[in-house]
Amino acid sequence: MKKLLLFCLIVITINQLNAQEYFPVNTGVKTSNEKFTAFTNATIHVSPTQIIEKGTLLIKNGKVVSSGNNISIPKNTSVINLEGKHIYPSFIDMYSSFGITKPKRASNPSRRPQYDASRKGYYWNDHIMPDQRGFNDFKFDSKKATEFINAGFGVVATHQQNGIMRGTGLVVALNTSDGNETRIIDTDATQHVSLNKSVSSLQAYPTSSMGSMALIRQVYHDAKWYAAGNSKTKDMALEALNKSSRLPIIFEANSLDNNLRASKIAKEFGLKYIIKGGGDEYNGLNEVLNTNASYIIPIKFQNPYDVSDPNMASKVELNDMRSWNQSPTNPAMLAKKGVTFALTTADLKSAKDFKGNLMKAIKYGLDKTKALEALTTIPAKLLGKSSEIGTLNNGSYANFLITSGEIFEKKTKIYENWVQGNKNVLVDMNIKDIRGNYNLSVAGKSYDLKVTGEIGKLKSEMMLDSAKVASNISQSNGWINIFYTPLNEKKTEFVRLSAPLNNPDNLNGSGVLTNGNPITWSAIKKAKEEGKVKDAKDKKSEDKKEDTSPIVMPLTYPNVAYGFKTKPKQETILFKNATVWTNESDGILKNTDVLIKNGKISKIGENLNDSGAKVIDATGKHITAGIIDEHSHIATTAVNEAGHNSTAEVTIEDVVDADDVDIYRNLAGGVTTIQILHGSANPIGGRSALIKLKWGESADELLYKNRPKFIKFALGENVKQSNWGETNTIRFPQTRMGVEQVFVDYFQRAKEYDALKKSGKSYRKDIEMEVLAEILNKERFITCHSYVQSEINMLMKVADRFDFNINTFTHILEGYKVADKMKEHGVGGSTFSDWWAYKFEVNDAIPYNGAIMHSQGITVAFNSDDAEMSRRLNQEAAKAVKYGGVSEEEALKFVTLNPAKLLHIDDKVGSIKVGKDADVVLWSDHPLSVYAKAERTMIEGVTYFDKDTNAQNIKGIQSERNELINMMLQEKNKGMKTVAPKKKEKVYFHCDSLENK
Amino acid sequence: MLVSIGITAQQTPAPKQTTDYTIEGATAHLGNGEVIENSLLMFSNGKITFVGKAEMKIGRRGTIIDAKGKHLYPGFIAANSTSGLVEVDAVRASNDIRETGTMLPHIRSIIAYNTESKVTESLRPNGVLMAQVTPRGGTISGTSSVVQFDAWNWEDAAIRVDDGIHINWPSRTSFGRPWRGEESGPKSNKEYKKTVDEVRTMMNDAKSYLKGSKSPKNIPLESLAGLFDGSKTLYAHGGGEKEITDIIAFSEELGIDKLVIVHGAEADKVADLLVAKNIPVLIDRAHRLPSSSDEDVHLPYKTAKNLIDKGVVVGIGIEGQMERMNSRNLPFYAGTYAAYGIGKEEALKLITSNTAKILGIDDKVGTLEVGKDATLFISEGDALDMRTNILTDAFIQGRKINLETHQTKLWKRYMNKYNNQ
């Protein structure tokens, strides 16, 4: 196929249009041609579902005049007979950067961060460029156009793929004959948004995808405010955005998670996004369907990994292997689910790879009509151009393909691709087929010549009296060329023959012998014989091979290692004879039964019975409430928005990662609820995500129902960038003194904002101020990362001044020094059991901190801030016994009831009490003991981890890996391209992590 | 309670043992797998003089400590540690771990060991009383020494000076650096052979040098001598199956007698070879994450079992996240290994007798046996379990050490503040 395409690269195009009527002509006489072209006797696919057999298509001036069976053909018509051939509307790629060069990456030799925008007169953020027009950067690229044309495309939409708001894109016909005046169908047809910053500016904000999301939201608020005439100054970016507001919006998301994020914004603002997906939508089909969005789907499929070296093979993770195996099903599954989508060549190295991958998608179940729609009517509709492109309805552009048969059959060839009435020849449809067996007579010798292969890529086999003769045959421009090395020649020399292809049954031509003497030759085609039979047999076995449907591994929830084959369900479970740590006034109950029913703790007592319950003997074992981690950074794709010193506008809820294996690992350590906190890159951080670890559910389903609102604040070395290197010394604040002023400034402004808002006067909606006002209005709680006593004391005083309370100090390593003041303020402490010595500000951190604060009546929790520690927080709780002598019963509360209290969810979780959520853990041993293992972890009556299933999982992963590795090795032996093994280096986040996943 | 804070660092070292001690009634965990219930242990002049049952009718000597219901252990040893080389991780000025350069066998950790470290001090109340202090830079990192934690200066601290040379054995797999425009993911390390050859060349150079006149003097080559005369151990830090196999062949080729594998992530795959060649492994601490998403979530807890079941001698090395401050959790790493298949006494060996053997100090420490240093402690309960690891008494070479620390002082100071309010 590749060679064939190369052969076709020189596409012949014939201009049928004329210069614009009002333009002067300086090179000759002014001409016009009003001729018609008719294509007769073809199977015309006017649209994917409307087919005319033996019909006529009549075009003029680049547009379809009519089509049908009884078309009257005007006299001035060129007629082309397409007997046996098909006509299809040519394809549309609505997502490309065709003809648009990406701007150069900005450089910064000083390495100092840039916080302000470079552009003046535009929005405050350089990455917001709705004023950008793809049209301005557009330069028709004939070479790329040819690639598209060869792949069957007639029209592409293209835009500048740079920035978060990227401005407008244009729609252009791949007309290589005429100028932009003809081929540009619409200069501003679409508007574009992404989560990715512009490469041409180094402005720091946003540093994270949640920051990008917040920024997009704020821009929409500001555009509305600006449109109402509220701004005192001009903003060319907002003006441009308002001007293009009616255009379809294409959001480059590029992954399932980002698809859902885009959809979330769209829903908030009542917008309809067309989402450019990532090809991984099959991992969450229901969520994708629920977005109600239309999609643009790439068909870039992973090559198999080279797993021949077992050492390297061991580095490839199961989810990557699965993605190789499963992703070709993506288009088919989307189609079956009823998701509206267009297909795109985007993400492919070249449009040349498109057909191969499309055929693969069809082999993996994509319906052919759906495929055609995804390449014609759907993109046309999404672009708002259904009357011009995508079908061969009257009045549409004459953009169509002439093919040898049904378009998505493997053997089908595209002969011609007409764009705006201009013919592009891909394969000469009038080419003579000379395949067959010949008697070749040259210089008195008679050879058997067998011509096979494909038209355009012929193969020859030459025999002289059963001896093989090395030979080569080719066909070009209506001529046949043969050269061969005659037998018994000492040197490798060639006889060269050529002949015009008038009659394929009888070739007559001239040539040159090895000695240079000219000769004439002839080749007579033999009657059909046994050769053909063999061909037929070959064909049969080939078909058979193709028919074997591919083996696709089943999806799991989530679709990674340790995912569930079917989602686990709520059960009624009766634990018998356990030691139950109630965390209530009952204390620790021995030999007690616990009944779990309807997701709740239903009964606690002795000799309980329930006829429908699954009974679990818990003799010698312990039951506790699920562990709650007040400070976690797992299950998120971003931790810090570090671009500003205040980022209340961002929320971790936007970036929850439900597929993170650390969720499962935490469950294996008895953890059921976590607060995913923003990091500590700035004094005012982002909002938290409070989630339950319901492994297998979507990110939205993980979020705690009716959750209280939280935000992360931070103090100390991290916020003043002490350990960020020598270039990060310009962002305010750089000292603890400055930190106080950041808070005072923002709360003062929030207070004024809130007063204005409540006054009923018009105001500019500011997400950051809205969030801070929630704090002032006691609707949102602060968890503040803190170390030394001075800053802890300071923040409490700032809160006092603005009449609210700090809810929780997290880390709070010097809390023991101001425990009395904390108690008075009413703030809780969520600390490390024993961390210290990693920074200067933890010099006086002591493991007795928890015990001391507890002794002063403060609600104390131990948290992890660490993916490793979080899976054994019970052991950390035990350290409160060791360091400071907290009772065992109280120590366990440090990781269960107390964090529940700090998170204001102790009405539902944190203790074993009738009526509370059945978030419980069955331990093999005393839960504070280093020897204790979580044997079963339940959330709302659903078992998300248990030791037996885990053992099966480990075996299952091994056997699935093995199966996939064997499949890849088979592919490799077939000669498929393979790629080097990859392993995503997992990123483990802490408070100070600045990277994104 | 009056305590002075401020620049005072570690507790003042205890004076040499002058009175004898008798510890009676404890459950003695000898460190070699044996347990004596209701035990009797006596020590004089820094050495253990008696270990047996309390029922023994034998004269009790010196101060008698009634340890009924309590547990007696040999002092724990943190191998592959950097205790005393860094005080505050984020303060560069306090960091003495990595020398610049690649071939640094002459770099000696012992002279940088800070006996005044407050971090090291905080290990003692958890029973961690000794450590191997290890440099980490370069390919050949330098020479480690073993110290005890009650000393005025590094000379006092040393249990074994220059016990071995550490090498960061290259990995056969390298990882792409996307920030340098490389494709991410693992690939075959093209530098592997070259790096190994460089080390080999240096070792061979050392052998020739040592046979000759040694003039002019070559300091790095001279420092390698101990590897060839058996006085120093080669600690090869590496992990993969193929790498370990290569290391073993390399040491044999060069006539290096004492080899220890450090980390050994895939050591279980070459366990038979390790056993046959009598090569021990210093495994990583149990509290770490699996190396890939597919891996058994509990695999890090099972490393010890997987090797011990096959007969490999195993100790625990402490290297990892925040390792200085986390060294006090050494007993709990052993405890976690105990929970996952090896039992408490076997787990205890990982931080006592096995480590002592591996570090070549088993003639002095690692077990409660007559003739060995009285470096030991009494705990209220099981010292491998955090809730019962509560030390009442500890001795280093017979000296009764103070278990107060910078941290306990702050604890008491602030509790006093609140109690007096």
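Got a sec? Charge dipole of chain A, +1 on Cβ for Lys and Arg, -1 for Asp and Glu; which of A:Ala332, A:Gln570, A:His631 is way out at the positive end?
Selected residue: A:Ala332.
When Cβ neighbours within 10 Å are restricted to other protein chains, what is their mean count per residue of peptide B:381-389?
For peptide B:381-389, the averaged partner shielding equals 6.
Figure the gain on full extension for A:Ala227 and A:Ala527 (residue separation times 0.36 nm, minus the Cα-Cα span) and round it to one decimal in nm.
Full-extension gain reported as 100.0 nm.
Mind listing the long-range amide H neighbours of A:Phe713? Cut-off is under 5 Å, sequence gap 5 or more, other chains count too, H placed in the peptide plane at 1.01 Å from N.
Here the answer is A:Gly685, A:Thr783, A:Cys784, A:His785, since their amide H atoms fall under 5 Å of that of A:Phe713.
How far apart, in nanometres, would the label points at A:Asp367 and A:Lys757 be if each is projected 7 angstrom from Cα along the Cα-to-Cβ direction?
For the pair A:Asp367/A:Lys757, the computed spacing is 4.7 nm.
Kindly identify the range B:76-365 as rounded, prolate or oblate by the Cα gyration tensor criterion: order the square roots of the eigenvalues as a ≥ b ≥ c, call it rounded if a/c is under 1.5, otherwise compare a/b with b/c, prolate if a/b is larger, else oblate.
Here the range B:76-365 falls in the rounded category.
Report the dimensions of chain A along its three principal axes from the alpha-carbon atoms, largest first, rounded to Å.
112, 70, 58
Near A:Ser870, within a Cβ-to-Cβ distance under 11 Å, what is the net charge of the other residues, with Lys and Arg +1 and Asp and Glu -1?
-4
Give me the log10 of I(q) over I(0) for the range A:248-372 at q = 0.10, 0.11 Å⁻¹, as the Debye formula computes it from C-alpha points; what are the numbers?
-0.33, -0.40
Of B:Thr388, B:His287, B:His166, which is farthest on the positive side of the dipole of chain B, counting Cα position, with +1 on Lys and Arg Cβ, -1 on Asp and Glu Cβ, and the Cα centre as origin?
Of the options given, the answer is B:Thr388.
If you count, for each residue, the other Cβ atoms within 10 Å and average over each peptide, how do B:410-418, A:466-474, A:695-703 line up from highest to lowest?
With the highest mean Cβ count within 10 Å placed first, the list reads A:695-703, B:410-418, A:466-474.
Sort A:374-385, A:66-77 by packing, meaning the average of other beta carbons within 10 Å per residue, with the highest value first.
A:374-385, A:66-77
Measuring from a point 7 Å past the Cα of B:Arg413 along Cα-to-C-beta, which residues in the range A:797-827 have an amide N at less than 20 Å?
Only A:812-822 fall inside the zone, counting backbone N under 20 Å.
Rounded to the nearest 0.05, what FRET efficiency do B:Ala225 and B:Thr18 give with R0 = 56 Å and r taken as the Cβ-Cβ distance? Could you check?
For R0 = 56 Å, the calculated efficiency reads 0.90.
I want to make sure I understand the PRE zone here: with the label point 7 angstrom from the Cα of B:Thr245 toward its beta carbon, which residues in the range B:153-173 have backbone N atoms less than 15 Å away?
Answer for the range B:153-173: B:172-173.
Relative to the present Cα-Cα distance, how much length would full extension add between A:Asn393 and A:Glu268 at 0.36 nm per residue of separation?
That pair, A:Asn393 and A:Glu268, stretches by 41.2 nm at full extension.
Find the centroid of the Cα atoms in the range A:162-222 and in the range A:612-682, then give the distance between the two in whole Å.
Using only Cα atoms, the two centres lie 35 Å from each other.
Skipping prolines and chain starts, which residues have an amide H placed within reach, meaning under 5 Å, of the one on A:Glu935, given they are 5 or more residues away or on another chain?
Amide H neighbours of A:Glu935: A:Leu922, A:Trp923, A:Ser924.
Looking at the square roots a ≥ b ≥ c of the eigenvalues of the Cα gyration tensor of the range A:52-129, which shape do they give, rounded for a/c under 1.5, prolate if a/b is larger than b/c, or oblate?
Here the range A:52-129 falls in the prolate category.
Along the Cα→Cβ direction, 7 angstrom out, place labels at A:Thr727 and B:Lys68. What is the inter-label distance in nm?
A separation of 7.0 nm, rounded to one decimal place.
Decide, for the range B:190-278, between rounded, prolate and oblate: order the square roots of the alpha carbon gyration tensor eigenvalues as a ≥ b ≥ c, take rounded if a/c falls under 1.5, and otherwise choose prolate if a/b is larger than b/c, else oblate.
Prolate shape, in that a/c is at least 1.5 and a/b is the bigger ratio.
If you take every residue apart from A:Tyr282 with its C-beta less than 12 Å away from the C-beta of A:Tyr282, what net charge results, scoring Lys and Arg +1 and Asp and Glu -1?
Residues close to A:Tyr282 contribute a combined charge of 0.
Inside 10 Å of the C-beta atoms of A:838-844, what's the mean count of C-beta atoms belonging to other chains?
Other-chain Cβ atoms within 10 Å of each residue's Cβ, averaged: 5.
Just to verify a number: FRET efficiency for A:Asp907 and A:Glu181, C-beta to C-beta distance, R0 = 56 Å, to 0.05?
0.20
By the scheme Lys and Arg +1, Asp and Glu -1, what is the net charge of all other residues having a beta-carbon under 12 Å from that of A:Lys224?
In short, +2.
Between A:Val987 and B:Lys310, what is the spin-label point distance in nm, taking each point 7 Å from the Cα along the Cα→C-beta axis?
With each label placed 7 Å out from Cα toward Cβ, I get 3.6 nm.
If you take the charge dipole of the protein assembly as shown about its Cα centre, with +1 on Lys and Arg Cβ and -1 on Asp and Glu Cβ, which of A:Thr344, B:Leu359, A:Gly229 is farthest toward its positive end?
Going by the charge dipole, the pick is A:Thr344.
Quote the FRET efficiency, to the nearest 0.05, computed for A:Gln958 versus B:Leu403 with a Förster distance R0 of 56 Å and r equal to the Cβ-Cβ distance.
After rounding to 0.05, the efficiency reads 0.75.
When you look at the Cβ of every residue in A:926-933, what mean number of other chain Cβ atoms sits within 10 Å?
Per-residue shielding by partner chains comes out at 6.
Would you please give the residues with an amide H less than 5 Å from that of A:Ile250, counting only those at least 5 places away or on a separate chain, with H modeled from the backbone geometry?
Those lying under 5 Å, H to H, from A:Ile250 are A:Gln191, A:His192, A:Val193, A:Ile274.
Given 0.36 nm per residue, what is the gain on full extension from A:Asn591 to A:Asp745 after removing their alpha carbon distance, in nm?
Result for the pair: 49.7 nm of gain on full extension.
Based on the mean of other Cβ atoms within 10 Å per residue, sort peptides A:914-927, A:894-907, A:175-188 so the most packed one is first.
A:894-907, A:914-927, A:175-188
Just to check I understand the Karplus step: with θ = phi - 60° and J = 6.51 cos²θ - 1.76 cosθ + 1.60, what whole-Hz values come out for the range A:906-923, glycine and proline as x?
6, 6, 10, 9, x, 8, 9, 9, 4, x, 7, 3, 7, 9, 9, 10, 9, 9
Measuring from centroid to centroid over Cα atoms, what is the spacing of the range A:886-962 and the range A:55-127 in Å?
One Cα centre to the other: 56 Å.
With charges set only on the Cβ (+1 for Lys and Arg, -1 for Asp and Glu), what does the dipole of the protein assembly as shown come to about its Cα centre, in debye to the nearest 20?
Its charge dipole is roughly 3620 debye.
Rounded to the nearest Å, what's the spacing between the alpha carbon centres of the range A:558-585 and the range B:201-240? Just the number, please.
The range A:558-585 and the range B:201-240 have Cα centres separated by 58 Å.
Bear in mind that the values in this text are calculations on the coordinates, not laboratory data. Note that the structure is a prediction, hence the values are computed from the model and not measured. Cβ coordinates were reconstructed from backbone atoms using ideal geometry, including for glycine residues, and neighbour counts include every protein chain displayed.
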